[in-house]
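The values are calculated or read from the model by the stated rules, or taken from the named source; none is laboratory data. What you see is a predicted model, and the numbers here were worked out from it, not measured in a lab. All Cβ positions, glycine included, derive from the backbone under ideal geometry; neighbour counts span all protein chains shown. What goes into the accessible areas is simple: the full protein's heavy atoms, side chains included, and nothing from ligands, DNA or RNA. Shrake-Rupley method; radii C 1.70, N 1.55, O 1.52, S 1.80 Å.
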Amino acid sequence: MSDDVTDWFDRALEGEDDGDGSESEPDAADLEDDDANDRLDDTDKAVRDDRSESLASGDGDRARPEDDQRDPQGDAFSVADEPPSPIDDDSARNRTPDADDAADGDSLFEEDFGSALQDIEASEPAAVGDDGDAAADLEGFDDLDFVLGSDEPDFDEELDSELPRIDLGIDGLDQMIQGGVPERSLLVAMGGAGTGKTTFGLQFITHALERDERAVFITLEESRDRVINSATEKGYAFDEYVADGQLAVVDVDPIEMANSLASIRNELPALVEEFGASRLVLDSVSLLEMMYEDRAKRRNEIYDFARSLKGAGVTALLTSEASSETAYASRYGIVEYLTDAVFVLQYIRPDDFRETRMAIEIQKIRDANHSREKKPYEITSEGISVYQQANLF
């Protein structure tokens, strides 16, 4: 063993027994502990003697201020008479700075906790009222879309938004959207066969035409004449709008569109701007998706086409078939993620086989408050009418 190691052991053993049974001399800390314990014993004895004298003189029946507090054995003591507890070296090193340190400028905080907590105490929320009025207790929560306990959205206050917004043109549905849909949004109406997706698009276009705006209707399912005649039958003067150059109805073969989609999406923004259209409808995007067998290619093509529509500067509406498994997903599960707003049209068939009803629901609208309730609607000779104040049973 080297000399360095031997010296290290010698230094480490200096405070232990010397091996002959004699104890090492007590250090200063041990002496301080013994003195503190002696002071505790003397103080405790003085308190007990004082209490015995009081009982002997008859003063023990009278309550004294220093008797307000008692130790577990029943002995009286006062805070002022309580002896200081001994503090060892470890507790002294770990001691938290107190008020005296703060006065001396040694505090870890520039201000005391009392001052720091004043603002917090002043801002504590008020307790719920005894009358149980939840509406009164929620005053100030302006971001709530609905009044508690009500089935209708609270749209009484005017929407504070700088985004320009438009109405869809469908009675009852517009009342379910606060302020309207943001302009230049990409929308989709999803539903099964016969739920009114094409009618939804016709009304959407007509609302703009009646306000002297221009619009484009692209159909992949029907011929141009069939679309114009169907709209005219419902009371929408598409024939007149087409004759006046206010409306462009374009029928495109889905195969041709899929083959030339790259050129279409490149030219579409310029064509829409040249025509001056504010709204556009594509009926239906499902036929276009069907043209791509490869899933990755389908998603990429539809994504690029949706992006070109958003860049065209119009508010565009796509119609899409719903999935056979759920009404809340499109046939290929793509467009609902690429669009800014999703409207779900579906059949409601009761268990008792009564009359089948149709219901509409707003699944999402970006940058808009809207009702999330499912509301019944009908398709009449005048188009879709949503019964906003009715509930489904």
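Quick look at the numbers
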item: Enumerated helices (runs of 4 or more DSSP H) restricted to the range 163-243, each holding at least 2 residues that are open to solvent by less than 10 Å² (accessible area, probe 1.4 Å) and under 25 Å from Arg372 (Cβ atoms); result: 197-209
item: Subset of the range 244-254 that is of a type in the set (D, E, K, R) and in a loop (DSSP other than H, G, I, E, B) - its residue that is least open to solvent (accessible area, probe 1.4 Å); result: Asp253
item: Flag if Arg349 is open to solvent by 10 Å² or more (accessible area, probe 1.4 Å), among the basic types (Lys, Arg) and under 30 Å from the mean Cα position of the chain (by Cα); result: no
item: Subset of the range 292-308 that is crowded, with 17+ Cβ neighbours inside 10 Å and closer than 12 Å to Tyr332 by Cβ - its residue that is farthest from the chain's Cα centre (by Cα); result: Tyr292
item: Subset of the range 353-367 (residues that are within 12 Å of Tyr328 (Cβ to Cβ) and either of a type outside the set (A, V, I, L, M) or open to solvent by 30 Å² or more (accessible area, probe 1.4 Å) (or both)); result: Glu361, Gln363, Lys364
item: Residue within the range 276-284 that is in a helix (DSSP H, G or I), under 25 Å from Ala193 (Cβ atoms), open to solvent by less than 30 Å² (accessible area, probe 1.4 Å) and modelled with pLDDT of 95 or more present; result: no
item: Residue match in the range 255-266 (condition: surrounded by fewer than 17 Cβ atoms within 10 Å (Cβ to Cβ) and in contact with a Ser or Thr (Cβ under 7 Å, 6 or more places away or on another chain)); result: no
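Listed here are the residues, each with its yes/no results for (1) farther than 15 Å from Leu309 by Cβ; (2) in contact with a helix residue (DSSP H, G or I) (Cβ under 6 Å, 6 or more places away or on another chain).
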| site | (1), (2) |
| --- | --- |
| Leu202 | yes, yes |
| His207 | yes, no |
| Ala243 | yes, no |
| Glu267 | no, no |
